[in-house]
Amino acid sequence: MCGDENPAPPALDGGGRGDLVVVANRLPVHRTDGGWETSPGGLVSGLLPLLQKRQGVWVGWGGGRASGEIAPFRHDGLWNVPVSLSADEVRDYYEGFANSTLWPLYHDACQQPQFHRQWWQPYVTVNERFAEVAAREAAPGASVLVQDYHLQLVPGMLRRMRPDLRIGFFLHIPFPPVELFSQLPWRQRILEGLLGADVVGFQTKQGAGNFIRLVNRYTPHRGASHSISVYGRRVEVREFPISIDYWKIDQLAADPATIERAREIRAELGPNRTIMLGVDRLDYTKGIDHRIRAFHEILAAGRHTVRDLVLVQVSVPSRDQVDEYIEIRERIETLVGHINGEFGEVGQVPVHYLPRSLPIEKLVAYYLAADLMLVTSLRDGMNLVAKEYCAARRDDTGVLVLSEFTGAAHELQRAVLVNPHDIDGMAVTIERAIAMPRDEQARRMRSLRQRVRKRTAYDWADEFIAVLAGPAHGSSAALAAGDAR
Ligand code: G6P
């Protein structure tokens, strides 16, 4: 799909054009040869209908370095307002502070977070730029939804620039416990930045609790259960677990073309083998190496061989300029080489490694073909792949093996839960999952599917917007959101 051609309209008097403004590090579109295309994901699916209905504007980085200014453009019924980043800002704000300081720190420091004062100022500067663009784009009294760890200072900055706005913030990744967050030299500034919002949302109750504890410890403000009082202003703090477009996955899984593609995948891999599947961004938080090592243990124990068991690992390259991502890629490729060398036979390898992104139609075919889905993150805000796998299993077969350390595990308790740090324990659990009788698979999968169906990405967006609108407007906002679909 190409962007619509319309030029940007002039800003409205006293404010911008947006009645609902999303501010995220990335735009909801990416460039293809044919122009801009809408990106997949729970955030975009959930918010799109609302943005299309209500004068929607999305402020975000268009990707790339040192690109000149790109003019706002309309695509898929909303205004995209690109924010550009210089090459130095990509290095210091995005790869540096966001992805080498905050990302590892917030993921239980499963890699050592790096604290460099020369990354902090670019983080402030870029947050200011996003806040200024949002302030310019928002109509009087508009709602602004700020997304994720890249932009934690934006709510505070925006409140100072535009006190008339309703400001929401949602963190997609885990919010760490007090002992970890306290390491951050800029901890108070980040907390104060977030407190600029009217609603601060997290994936889990734990995240919300951690935030309130930290505010009580490091700021003059006081909070309890669901709210914090900031100089008499109420900040609502709650969990809003994000989800997927359930019905889209369901529909794709019912499509004869997908079913045929899944049949081909099974035939190519060997019809009598148990197929295990991993689908992740290539990130050290995902425990891909732990998963492969558990698989190695299973084969080494000799109860299974390459003739009856195979792992398909789809790894979408990510942040490939950051050292830790280069290292994890090499580590995984080495592990795959070893296991395939040690246990492979002519025409059959234990691990099929696909280091690329696949379109959702193909992914759903893999979900249908896979007997087991392995989600073994060391830490994960939610993990939408786990939910997508359940949504695709329309016949209630298949087993979801899910790390205890994902946000999804709080909801999907009928999954087979594992501790990915315990490699031999994980190997034993995976073997049990392989042997799980069909009726137990069905009981678990039915309940998992029900759970995912009950709260889709649309419900997430409706709920957030309703809470942001406040008690007086909550129900009508939810209603309007319902209309939008
Ligand atoms: C995580 C973050 C998102 C981010 C995505 C992809 O899901 O929560 O904010 O967009 O990873 O990472 P990238 O660095 O490519 O934007």
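Quick look at the values:
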| item | result |
| --- | --- |
| Cut-off under 5 Å, modelled amide H: who pairs with residue 145 long-range | 21, 22, 23, 168 |
| Residue 268/residue 410 FRET efficiency (R0 30 Å; Cβ-Cβ; nearest 0.05) | 0.25 |
| For residue 237, distant residues with modelled amide H under 5 Å away | 200, 227, 228 |
| 385, 124 arranged by Cβ crowding within 10 Å, fewest neighbours leading | 124, 385 |
| Volume in Å³ per residue [convex hull over Cα atoms, computed for region 246-454] | 110 |
| Angle between the chain longest axis and helix 323-343 axis [Cα atoms, degrees, rounded to 10] | 10 |
| Computed [θ] at 222 nm, deg cm²/dmol, the chain (DSSP H ≥ 4; -39,500 (n - 2.57); rounded to nearest 500) | -13000 deg cm²/dmol |
| Paramagnetic reach from residue 213 in region 228-271 [backbone N under 11 Å; point 7 Å along Cα→Cβ] | none |
| Dipole of region 15-61, positive end: most advanced residue of 21, 40, 59 [Cβ charges, Cα centre] | 21 |
| For residue 309, residues with placed amide H under 5 Å, excluding near neighbours | 274 |
| Ranking of 97, 169 by count of other Cβ atoms within 10 Å, fewest first | 97, 169 |
| Integer Hz, Karplus 6.51/-1.76/1.60 couplings in order for region 232-245, x for Gly and Pro | x, 8, 8, 10, 7, 10, 8, 8, 9, x, 7, 9, 10, 7 |
| Surrounding net charge for residue 303, when Lys and Arg each add one and Asp and Glu each subtract one, Cβ distance under 12 Å | -2 |
| Rough spin-label spacing in nm, given labels placed 7 Å along Cα→Cβ, for residue 417 and residue 70 | 4.2 |
| 10 Å beta-carbon shell around residue 428, net charge (K/R +1, D/E -1) | -3 |
| With Cα atoms, 0 to 90° folded angle of helix 360-369 axis to the chain main axis | 30 |
| Estimated translational D of region 212-320 in µm²/s (Stokes, Kirkwood radius over Cα pairs; 4 °C; 1.567 mPa s) | 68 |
| For peptides 238-249, 342-353, 421-432, sequence by mean Cβ density within 10 Å, most packed first | 238-249, 421-432, 342-353 |
| Whole-angstrom gap from region 244-290 to region 206-225, using each part's C-alpha centre | 40 |
| Calculated on alpha-carbon atoms, Rg and Dmax of region 332-389 in Å | 13.8, 40 |
| Column: log10 I(q)/I(0), Debye, Cα scatterers of the chain, q = 0.09, 0.10 Å⁻¹ | -0.62, -0.77 |
| From phi via Karplus (6.51, -1.76, 1.60), per-residue ³J(HN,Hα) for region 411-428 in Hz, x at Gly/Pro | 9, 9, 6, 8, 6, 8, 8, 9, 9, x, 6, 9, 4, 6, x, 5, 4, 5 |
| Pairwise label distance in nanometres, residue 109 with residue 128, each label 7 Å out on the Cα-Cβ vector | 3.1 |
| Cα-based helix-to-principal-axis angle, 474-483 vs the chain, degrees rounded to 10 | 60 |
| Gap separating the Cα centres of region 24-52 and region 137-194, nearest whole Å | 22 |
| HN-Hα J in Hz across region 126-132 - Karplus 6.51, -1.76, 1.60, θ = phi - 60°, x for Gly and Pro | 5, 4, 4, 5, 4, 5, 5 |
| DSSP bridge pairs, the chain: antiparallel proportion in percent, nearest 5 | 25 |
| Distance between modelled label sites at residue 358 and residue 86, nm, 7 Å Cα→Cβ extension | 4.2 |
| Gain upon complete extension [residue 305, residue 255; 0.36 nm per residue less C-alpha separation] | 14.7 nm |
| P(r) weight above 20 Å for region 143-284, C-alpha pairs, percent | 57 |
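Every number here is computed from the coordinates shown, using simple stated rules; none is lab data. Treat the numbers as computed from the prediction; the structure is a model and nothing was measured. Methodologically, a virtual Cβ is constructed for each residue, glycine included, from the backbone with ideal geometry; neighbour enumeration extends over all protein chains shown.
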